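**Q** Sharing a structure here in structure tokens format.
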Ligand code: MG
């Protein structure tokens with residue numbers, strides 16, 4: 001066994017594992033495991049394909065080769081699968097959770113999420129992309145004659161809800177089946193940090209390429225990156241900076257993943273965890289970076305907030321996306337009969353504000369802009 005293996009606390013995922021239970025029982029597949037089937041269902045979902053048209057950080061006008069929410073998702077899946085494999089965990093479950101982790105995101109990145117949350121708060125509700133992702137896979141995807149949704153296994157639904165945060169059982173009685181008083185399995189815990197690793201490195205890459213970030217400034221303020229870059233520049237003095245940048249980012253990503261693996265093994269041993277039940281009962285999450293790497297990660301993230309995410313260039317794009325979402329919400333609250341018929345039909349049962357939020361949250365950036373233009377053409381004075 002690999003010395004780093006934590007196989008003793010992996011999710012088994014075999015036919016006897018209660019975590020592969022589905023709401024609607026289905027016969028076992030001839031040659032695919034439960035989590036492999038879940039992965040297939042997610043990849044073939046409409047909401048998954050729409051991730052290609054949703055902003056991760058940069059709206060589409062910057063470049064066709066910057067990350068979209070779909071390519072970000074694939075990068076997270078690659079990292080999560082690598083870490084799960086090295087740790088002897090259930091790779092299929094980790095990969096499936098990575099592929100679904102951002103499926104509940106609205107258009108226009110975090111600005112879109114904030115805008116949707118702000119308008120819905122006036123109706124006493126909060127928009128939460130993890131809970132929205134659960135609605136997508138349980139209700140909105142319709143591809144099976146026997147049931148609504150994708151009928152995913154319990155481990156995948158639990159991971160969708162809990163991969164990045166814990167929920168208070170008193171405030172969320174509807175989530176009772178997801179073991180809210182326990183930690184999620186390591187395969188789900190990996191996702192949050194695989195996400196961090198993916199976007200830290202990708203956003204430095206796209207940020208420098210967009211010229212919002214300057215390579216020299218990143219080198220001066222982000223030691224996690226600068227150390228790799230400096231070593232490479234010394235060793236390869238005649239290599240173009242662009243290539244050194246790519247190599248340094250690759251080394252940085254590899255160092256973060258390597259640290260995540262070794263620190264997680266150390267945490268599991270330090271907490272005397274010997275089974276999945278111990279992982280669940282542990283008062284804290286066990287997947288983590290070492291304290292030294294965690295300090296460097298925080299420093300890099302703080303830098304990206306100050307110089308990229310909160311830069312005036314990106315704020316301008318995000319503000320206009322957020323404003324469109326606010327306008328569309330107000331429009332359909334005034335005229336809900338103008339929603340698609342399938343949405344109008346849900347209003348009596350679920351209330352107009354929830355139906356409008358669901359509709360907007362599912363949109364790509366381009367469809368949202370198109371809808372906003374159509375509404376404006378209808379009401380030229382507003
Ligand atoms: Mg993500």
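The values are calculated or read from the model by the stated rules, or taken from the named source; none is laboratory data. The shown structure was predicted, so the numbers you read here are calculated from the model rather than taken from an experiment. Neighbour counts run over all protein chains shown; Cβ positions are idealised from the backbone, glycine included.
**Q** Quick one: in segment 71-86, which of the residues that are closer than 22 Å to residue 44 by Cβ and surrounded by fewer than 18 Cβ atoms within 10 Å (Cβ to Cβ) is farthest from the ligand (Cβ to nearest atom)?
**A** 78
**Q** Counting only residues that are loosely packed, with under 14 Cβ neighbours inside 10 Å and out of contact with any helix residue (DSSP H, G or I) (no Cβ under 7 Å at 6 or more places or on another chain), which one in segment 320-349 is nearest to residue 369 (Cα to Cα)?
**A** Let us first name the residues in segment 320-349 that are loosely packed, with under 14 Cβ neighbours inside 10 Å, namely 334-335, 337-338, 340-342, 345, 348-349.
Checking which are out of contact with any helix residue (DSSP H, G or I) (no Cβ under 7 Å at 6 or more places or on another chain) leaves us with 334-335, 340-342, 345, 348-349.
Working: 334: 19, 335: 18, 340: 17, 341: 21, 342: 21, 345: 24, 348: 28, 349: 28 Å.
Applying the filter and picking the extreme gives 340.
**Q** Whether any residue in segment 283-295 is farther than 30 Å from residue 4 by Cα and either over 21 Å from the mean Cα position of the chain (by Cα) or surrounded by fewer than 21 Cβ atoms within 10 Å (Cβ to Cβ) (or both) is what I want to check. Give the derivation first.
**A** Of the residues in segment 283-295, the ones farther than 30 Å from residue 4 by Cα are none.
For segment 283-295, residues farther than 30 Å from residue 4 by Cα and either over 21 Å from the mean Cα position of the chain (by Cα) or surrounded by fewer than 21 Cβ atoms within 10 Å (Cβ to Cβ) (or both): absent.
**Q** Sticking with this one: Does residue 141 qualify as being over 12 Å from the mean Cα position of the chain (by Cα) and over 20 Å from residue 278 (Cα atoms)? Show your work before the answer.
**A** Numbers: over 12 Å from the mean Cα position of the chain (by Cα): yes; over 20 Å from residue 278 (Cα atoms): yes.
Against the criterion (over 12 Å from the mean Cα position of the chain (by Cα) and over 20 Å from residue 278 (Cα atoms)), residue 141 qualifies.
**Q** Here is a list: 89, 93. Which entry is part of a helix (DSSP H, G or I), more than 21 Å from residue 143 (Cβ to Cβ) and more than 11 Å from the ligand (Cβ to nearest atom)?
**A** Details: 89 fails: part of a helix (DSSP H, G or I).
Within the list 89, 93, the selection yields 93.
**Q** Then there is this: Scan segment 140-159 and give yes if some residue there is more than 25 Å from residue 321 (Cβ to Cβ), touching a residue at least 12 places away in the same chain (Cβ under 8 Å) and either within 16 Å of the ligand (Cβ to nearest atom) or in contact with a strand residue (DSSP E or B) (Cβ under 7 Å, 6 or more places away or on another chain) (or both), otherwise no.
**A** yes
**Q** May I pose another question? Restricting attention to segment 195-230, report how many residues are touching a helix residue (DSSP H, G or I) at 6+ places or on another chain (Cβ under 8 Å), surrounded by fewer than 13 Cβ atoms within 10 Å (Cβ to Cβ) and without any contact (Cβ under 8 Å) to a residue 40 or more places away in the chain.
**A** 2
**Q** Could you tell me which of the residues 108, 58 is in contact with a strand residue (DSSP E or B) (Cβ under 6 Å, 6 or more places away or on another chain) and either within 16 Å of the ligand (Cβ to nearest atom) or at pLDDT 95 or above (or both)? Working first, answer last.
**A** Values: 58 fails: in contact with a strand residue (DSSP E or B) (Cβ under 6 Å, 6 or more places away or on another chain).
None of the other options fit; the residue is 108.
**Q** Is it the case, given these coordinates, that residue 190 is within 16 Å of the ligand (Cβ to nearest atom) and either in contact with a helix residue (DSSP H, G or I) (Cβ under 7 Å, 6 or more places away or on another chain) or modelled with pLDDT under 95 (or both)?
**A** So residue 190 fits the description; yes.
**Q** Out of curiosity, is residue 233 without any contact (Cβ under 8 Å) to a residue 40 or more places away in the chain, in a helix (DSSP H, G or I) and surrounded by 14 or more Cβ atoms within 10 Å (Cβ to Cβ)? Walk me through how you get there before you give the answer.
**A** Numbers: without any contact (Cβ under 8 Å) to a residue 40 or more places away in the chain: yes; in a helix (DSSP H, G or I): yes; surrounded by 14 or more Cβ atoms within 10 Å (Cβ to Cβ): yes.
Against the criterion (without any contact (Cβ under 8 Å) to a residue 40 or more places away in the chain, in a helix (DSSP H, G or I) and surrounded by 14 or more Cβ atoms within 10 Å (Cβ to Cβ)), residue 233 qualifies.
**Q** Sticking with this structure for a sec: Yes or no: segment 294-303 includes at least one residue that is touching a residue at least 12 places away in the same chain (Cβ under 8 Å) and within 25 Å of residue 127 (Cα to Cα). If you could, list the steps in order and put the result at the bottom.
**A** Within segment 294-303, the first condition is being touching a residue at least 12 places away in the same chain (Cβ under 8 Å), and the residues that meet it are 296-297, 299-301, 303.
When the remaining residues are screened for being within 25 Å of residue 127 (Cα to Cα), the result is 301.
Yes, that holds for at least one residue.
**Q** Take the residues in segment 27-45 that are touching a residue at least 24 places away in the same chain (Cβ under 8 Å) and loosely packed, with under 15 Cβ neighbours inside 10 Å; name whichever of them is farthest from residue 267 (Cα to Cα).
**A** Only one residue fits best here, namely 44.
**Q** A follow-up question, please. Inside segment 159-171, can you point out the residues that are surrounded by 13 or more Cβ atoms within 10 Å (Cβ to Cβ) and in contact with a helix residue (DSSP H, G or I) (Cβ under 8 Å, 6 or more places away or on another chain)?
**A** Listed by number, the residues that qualify are 159, 160, 161, 162, 163, 164, 167, 169.
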